[in-house]
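Each reported figure results from applying straightforward, stated rules to the coordinates on display, with no laboratory input. Only a predicted model underlies this, so the values are computations on that prediction, with no experimental measurement involved. With ideal geometry, Cβ positions are generated from the backbone for all residues, glycine too; neighbour counts draw on all protein chains shown.
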Amino acid sequence: MTAGRQIGVSPPVLRTAAGSPRPICARALRTCSASRDCTRPQAHRDAGLTLVELVIAITVLGVLASAAAPVVRIQVKREKERELRAELWEMRDAIDHYKDAADKGGVGQVKIDTLGYPPDLQTLVDGVDVMNTKLKFLRAIPVDPMTGTADWDFRSVQDDEDATSWGGQNVFDVRSKSTATALDGTKYDTW
């Protein structure tokens, strides 16, 4: 038995002007036609969106998305620049550690024209034997986030500072091969 309902009691009715009885819907407190079920509330005619409202909503979303796109592009570029700086720092640090070990005589036989710098990046990954121990300076050659490859531009001690090609004697410095412009206006290949 539900609250407010008694068994055997007929629902309240409303007499129309013509005298015919119409049941009163207790839930919505309005009259129902005899053919309609009084227990369900009447559906609203304006429950959906019109085509104009839908077009306006999509237009507003499009404007907001187009305003956010440049911000996202700059954020992605900024993150790649952070990665590039980190990769360059890691390789330059490994080169410096190799040079320190070579200067202390821990690298073994060093070629005179290398001046104690590694001949290539793969030597830093493969490592060198130091007193029956393999000393490695890099886990792997990092991928340049600007070019998407592990191909880097090198400079040896013998090269001029503004040289565009690598002499091949040793790896004194490493740079990106990307010639694109950074957010601060500099070129990536000068970092």
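Measuring from the lowest to the highest alpha carbon on each principal axis, how far does the range 51-190 reach, largest first, in angstroms?
Computed over the range 51-190, the largest-to-smallest principal extents equal 80, 34, 19 Å.
Provide the per-residue ³J(HN,Hα) series for the range 118-135, in order, calculated from phi with Karplus coefficients 6.51, -1.76, 1.60 and θ = phi - 60°, each as a whole number of Hz, with x at glycine and proline positions.
Coupling constants for the range 118-135: x, x, 6, 6, 5, 4, 5, 7, 5, x, 10, 7, 10, 6, 6, 10, 8, 9 Hz.
Cα to Cα, under 27 Å, and not fewer than 8 places away if on the same chain: which lysines meet these conditions relative to K104?
Qualifying lysines at Cα under 27 Å: K134, K136.
Give me a comma-separated list of calculated 3J(HN,Hα) values for the range 137-149, in order, Karplus coefficients 6.51, -1.76, 1.60 applied at θ = phi - 60°, integers in Hz, x for any Gly or Pro.
With coefficients 6.51, -1.76 and 1.60, one gets 10, 9, 6, 7, 6, x, 8, 6, x, 7, 9, x, 10 Hz.
Please sort 85-91, 116-122 by packing, taking for each peptide the average over its residues of neighbouring beta carbons within 10 angstrom, highest first. Walk me through the intermediate numbers first.
Details: 85-91: 15.9, 116-122: 17.7.
Order by mean packing, descending: 116-122, 85-91.
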